[in-house]
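One structure below.
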Amino acid sequence: MNAEVRIITTQVGIVGGGPAGLMLSHLLSRAGIENIVIETRDHETIRNTHRAGILEAGTVRMLSETGVDGRVLTEGHRHDGVDLRFNGTSHRLDFQDLVGESVWLYGQTEIFVDLAAARKRDGGDVRFSVTDTEVADLETDVPKIRFTDANGQRFEIRPDIVAGTDGSKGICKHAIPKEKRTDNFIAYPFAWFGILTEAPASAPELIYAQSEHGFALISQRNEHLQRMYFQCDPEENPDDWSDDQIWAELQRRVDGPDGLTLKRGPITEKMVLPFRSYVCEPMRHGNMFLAGDAGHTVPPTGAKGLNLAFADVQVLFDAIEAHYATGSDELLDGYSEKVLDRVWKAQNFSYWITTMLHSRQDQSTFERKRIQGELNNIVSSRFGQQYFAEAYTGWPSA
Ligand code: PHB
């Protein structure tokens, strides 16, 4: 261990090298703004972090228009709609017809791989496997990020601006003093049991199924690999379930008069995903700006997590670019308010479809029938369908 602390000065110090941190670094470097990314996890761990599989059109444009890689366009699949299924009947929402947009099916984990490769290709300074990270002096003109690198060398970064992109378990939001921060949080009484299966797709598009046995989502990855989920107890242990039991549970949640039958194959991965909704307010403290899961978490139902992170990063990048190009901090000063507007819309959408599609043990018949009314409101009206479609494909940015 080298006891001497090495000082690095840069323009933007990015704490967290997941998709949000790497995307910000990529945009900044393209604009000639110096930056360093540090990350506690190693490349493999982040690569294996579970994420949803749906990208909003705006997210795809951010990747394809900034030269990250063509993979999202060649290996991803455009989906122009989804099926909402209840009482055993599917109702297709046609996104192109309703709002003129599509979404892309592409494992969000692959985006990390693509971004990490692009940063490497472009000579970005990204340091994985660091330890003992601290942020300090955030309210001064010389904020600090301290860390020990993988070789045991201690560093202090002195940037103008700190970006906190260190995910839901990160340190950055805790650096906002308690009296200056509101933690808005709710837990849910259920989780998702998720599987990956080596099987062909069961349907052309994703199916969001509400049933008396609980929610199920029939998603996909590619021609040979499918992703499916069913609502379960948060304490469920995936190893207690045999493949036959899993298939029976998924199948009974999509059963209906149309005879929809899931195509089965070997189950190669099983996991339980927790559900929570969280928003940190404000998303700024002094010269530190939070983006992505560091500032907010959504349940996976609407697949909004990574999309929301990219929306934050775009707003933060525009503000930092303006700061260096014009000397004006107007956009930086408006950052928190601007991103929170979209964050709360996404929180509402994720909460709304989660509560509408999942069942609760203590549900009264009134509540069950009210939800049928709500689902019928969506599918039987073009306005209802458009409301869903606009949120699902992502609101246009202001
Ligand atoms: C997934 O494929 O992992 C996925 C897709 C859509 C969602 C959530 C997860 O809403």
Options 45, 49, 89, 74: the member that is out of contact with any strand residue (DSSP E or B) (no Cβ under 6 Å at 6 or more places or on another chain), surrounded by fewer than 19 Cβ atoms within 10 Å (Cβ to Cβ) and modelled with pLDDT of 95 or more: 89
Filter result (in a loop (DSSP other than H, G, I, E, B) and closer than 23 Å to residue 302 by Cβ) within region 15-47: 16, 18
Cβ-Cβ under 9 Å pairs, at least 6 apart or on other chains, region 134-162 side hydrophobic (A, V, I, L, M, F, W, C), far side at pLDDT below 95: 150/42
Test for residue 126: is it among the hydrophobic types (A, V, I, L, M, F, W, C), open to solvent by 30 Å² or more (accessible area, probe 1.4 Å) and under 13 Å from residue 14 (Cβ atoms): yes
Inter-residue pairs, beta-carbon under 7 Å, first without any contact (Cβ under 8 Å) to a residue 12 or more places away in the chain and within 15 Å of residue 26 (Cβ to Cβ) and in region 59-81, second open to solvent by less than 20 Å² (accessible area, probe 1.4 Å) and part of a helix (DSSP H, G or I), 6+ apart: 64/72
Selection count, region 221-240, where residues are open to solvent by less than 20 Å² (accessible area, probe 1.4 Å) and within 11 Å of the ligand (Cβ to nearest atom): 4
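Anything in region 137-148 that is open to solvent by less than 40 Å² (accessible area, probe 1.4 Å) and touching a Ser or Thr at 6+ places or on another chain (Cβ under 8 Å)? List them, or say none. Give the derivation first.
Narrowing region 137-148 to residues open to solvent by less than 40 Å² (accessible area, probe 1.4 Å): 138, 143-145, 147-148.
Once the filter is applied, which keeps residues that are open to solvent by less than 40 Å² (accessible area, probe 1.4 Å) and touching a Ser or Thr at 6+ places or on another chain (Cβ under 8 Å), region 137-148 yields 145, 147, 148.
Would you be able to tell me the number of residues in region 288-336 that are charged (D, E, K, R), surrounded by fewer than 24 Cβ atoms within 10 Å (Cβ to Cβ) and in contact (Cβ under 8 Å) with a residue 40 or more places away in the chain? Please lay out each step first, then the result.
Applying the first criterion (charged (D, E, K, R)) to region 288-336 yields 293, 304, 312, 318, 321, 329-330, 333.
This time we only want the ones that are surrounded by fewer than 24 Cβ atoms within 10 Å (Cβ to Cβ), so: 318, 321, 329-330, 333.
Those still in the list that are in contact (Cβ under 8 Å) with a residue 40 or more places away in the chain too: 321.
The total comes to 1.
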Filter result (hydroxyl-bearing (Ser, Thr, Tyr) and open to solvent by 30 Å² or more (accessible area, probe 1.4 Å)) within region 158-210: 168, 182
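The values are calculated or read from the model by the stated rules, or taken from the named source; none is laboratory data. Owing to the predicted nature of the structure, the values given are computational and were not obtained by experimental measurement. No Cβ is skipped: glycine too gets one built from the backbone with ideal geometry, and neighbour counts run over all protein chains shown. Remember, those area values only see protein heavy atoms, side chains included, never the ligands or the DNA or RNA. Shrake-Rupley method; radii C 1.70, N 1.55, O 1.52, S 1.80 Å.
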